[in-house]
1. Would it be correct to say that residue 138 is more than 21 Å from residue 67 (Cα to Cα), loosely packed, with under 14 Cβ neighbours inside 10 Å and touching a residue at least 40 places away in the same chain (Cβ under 8 Å)?
2. Looking at (1) assigned to a strand (DSSP E or B); (2) over 18 Å from residue 131 (Cα atoms), which one does residue 93 not meet, given that it meets all the others?
3. Does residue 77 meet the test of being surrounded by fewer than 20 Cβ atoms within 10 Å (Cβ to Cβ), touching a residue at least 12 places away in the same chain (Cβ under 8 Å) and either under 20 Å from residue 169 (Cα atoms) or in contact with a helix residue (DSSP H, G or I) (Cβ under 7 Å, 6 or more places away or on another chain) (or both)?
4. So residue 48 clears everything in (1) surrounded by fewer than 18 Cβ atoms within 10 Å (Cβ to Cβ); (2) without any contact (Cβ under 8 Å) to a residue 60 or more places away in the chain except one condition, right? Which one?
5. Could you look through region 58-67, keep only residues that are exposed (fewer than 15 other Cβ atoms within 10 Å of the Cβ) and in contact (Cβ under 8 Å) with a residue 12 or more places away in the chain, and pick out the one that is farthest from residue 154 (Cα to Cα)?
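What follows draws every value from the coordinates through simple rules; no lab data is involved. Because the structure is a prediction, the values reported are computed rather than measured. Every residue, glycine among them, receives a Cβ derived from its backbone with ideal geometry; neighbour counts consider all protein chains shown.
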């Protein structure tokens, strides 16, 4: 048993010094690769916010759908759950802003934030402008919210269901 563990450790350590494989270009003549990229199974190399970001946890589900809304623009819907009857809901538009994305929240004049996608996780800043407080009831906040990417496909984003203010399921990015 110890020999097997030692051999496994040696093999793992031997792989640590290897260089990372080179990234390959998209094979435009390969219909399977193109279909996989369109479906969101394989990540597109282009800088695009389109897709689904989602995290399930003990007290609910945080989710965000993002779909194209013209050249260089996207629209989004977001929900964050903080327990039964306590959640934040937001919608708005997004544009590229340097190395991140600027989210402008509808219905909360002056509420915008630059978010970053790091290792397939969208991260909202730890502090949002005071105007963003109206997005959440009581003391809940979207500050510091982290959402892992679940899909790169617009079709998945359009189908994503979220509870509306009345508790009904809706597809806010569907139209």
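1. It is true that residue 138 is more than 21 Å from residue 67 (Cα to Cα), loosely packed, with under 14 Cβ neighbours inside 10 Å and touching a residue at least 40 places away in the same chain (Cβ under 8 Å).
2. (2)
3. Numbers: surrounded by fewer than 20 Cβ atoms within 10 Å (Cβ to Cβ): no; touching a residue at least 12 places away in the same chain (Cβ under 8 Å): yes; either under 20 Å from residue 169 (Cα atoms) or in contact with a helix residue (DSSP H, G or I) (Cβ under 7 Å, 6 or more places away or on another chain) (or both): yes.
No; evaluated as a whole, the condition is false for this residue.
4. The number of the failed condition is (2).
5. Filtering region 58-67 for residues that are exposed (fewer than 15 other Cβ atoms within 10 Å of the Cβ) and in contact (Cβ under 8 Å) with a residue 12 or more places away in the chain, the one farthest from residue 154 (Cα to Cα) comes out as 59.
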